[in-house]
Amino acid sequence: MIEISFPDGRKKQYNSGITGFEIANEISASLAASAVCVKINGKLVDAKTPIKQGGNFEIVNEKSPDYLEVIRHDAAHLLAHAVKTLYPQTQVVIGPTIENGFYYDFAKEAPFTPEDLTRLEEKMKELSTLKIPVNREVLGRQEAVEFFKKQGEFYKAEIISDIPNVEEISLYRQGDFIDLCRGPHAPHTGFVKHFKLLKVSGSYFKGDPSKGNLQRIYGTAWHSKDALEKYLHLLEEAEKR
């Protein structure tokens, strides 16, 4: 058994291996449905991850300070999924969150155009509407390298060499798209609803021009339509100055 401590000071015993989603669902189905992930002893983990050790437990949803960080990371994956769907020969490289949004680097021969960004946004909306389940998988280091090489994702195979040996090699699968990632991620793609792709710029892999040119697509994602529109208005006003 493990002891879980809730933010209100309440404590309860559970069987080891219970998931955050199961704990949330015991409280209420609506609370479970709103959870993008959970926090165990200060660490963000997937809601579907088995909990093996007790400690402080929080449910991360729209009311949580960590919510935007998670859905912006989800939005980066959603963008990469859209790119691979529309432009399957493109290599996906790396896609972190940044202040007020996210970006993703791609290796693609032809430049992305404004029309491409519009198409990608529409595809992202479609993928979000489908609420595709997002699942974490763990592979051995060499197995992961060979997997990505077989997929034609040579940048991903190289990135694995930078991951410390003590860390697991985790992948996240949503439909037919699979990405190398530590996570955590929301249980399905439907949590990413209010977003906008902003611009494209050039970049280099690991900042090294000798490794070839990449294209970086920037985007922003928010918890509501109003928050998104407010941010886009601020950007528009800033560009006028």
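The values are calculated or read from the model by the stated rules, or taken from the named source; none is laboratory data. As the structure is a prediction and not an experimental result, all values here were calculated from the model. Counting neighbours? That spans all protein chains shown, and the Cβs are built from the backbone with ideal geometry, glycine included. With ligands, DNA and RNA removed, areas are computed over all heavy atoms of the protein, side chains included. Shrake-Rupley method; radii C 1.70, N 1.55, O 1.52, S 1.80 Å.
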Relative to the longest principal axis of the chain, what angle (0 to 90°, nearest 10) does the C-alpha long axis of helix 67-86 take? 40
Considering only protein heavy atoms, what is the solvent-accessible area of Lys196 at a probe of 1.4 Å, reported in Å² to the nearest 10? 80
Mind jotting down the distance between the C-alpha centroids of region 163-241 and region 77-119, whole Å? 8
When the solvent-accessible surface of protein heavy atoms is calculated with a 1.4 angstrom probe, in what order do Met1, Met124 fall, highest first? Met1, Met124
Return the Rg/Rh ratio of the chain with Cα-based radii and a Kirkwood Rh. 0.99
Long-range amide H partners of Ile94, meaning residues 5 or more apart or on another chain whose placed amide H is closer than 5 Å, are Asp105
Roughly what % of DSSP beta bridges within the chain run antiparallel, to the nearest 5? 95
Give or take rounding to whole Å, what are the principal axis extents of the alpha carbon atoms in region 36-80, in descending order? 35, 21, 12
Under 17 Å between alpha carbons, and skipping anything fewer than 8 positions from Lys150 in its own chain: which lysines qualify? Lys84
A 23 angstrom limit on the alpha carbon distance is what I want to check against. Which of Lys39/Lys230; Lys131/Lys225; Lys48/Lys193; Lys48/Lys131; Lys43/Lys149; Lys123/Lys199 exceed it? Lys39/Lys230; Lys43/Lys149
Report, to two decimal places, the Cα Rg of region 23-120 normalised by 2.2 N^0.38 Å (N = number of residues). 1.36
Enter the angle in degrees (range 0 to 90, nearest 10) between the Cα long axis of helix 225-240 and the first principal axis of the Cα atoms of the chain, meaning the one along which they spread out most. 40
Amide H contacts under 5 Å for Ile18, placed H, 5+ residues apart: Ile51
So who's got an amide H within less than 5 Å of the one on His188, skipping anything under 5 residues away but keeping other chains? H placed 1.01 Å off N, in plane. Val134
Given the whole protein assembly as supplied and a 1.4 Å probe, what does the accessible area of Thr129 come to in Å², nearest 10? 110
Residue-wise HN-Hα coupling along region 174-185, computed from phi with Karplus coefficients 6.51, -1.76, 1.60 (Hz; x: Gly, Pro): 9, x, 8, 9, 10, 10, 7, 6, 7, x, x, 9
Please report, in whole Å³, the volume per residue of the convex hull around the C-alpha atoms of region 97-188. 134
Between helix 114-129 and the chain: long-axis angle, C-alpha atoms, 0 to 90°, nearest 10: 20
Relative contact order %, the chain, counting alpha carbon pairs below 8 Å whose residues are six or more apart: 19
Highest mean first, how do 176-183, 206-213, 61-68 rank when packing is the count of other Cβ atoms within 10 Å averaged over residues? 176-183, 61-68, 206-213
Expressed in square angstrom to the nearest 10, the accessible area of His77 with a 1.4 Å probe stands at 10
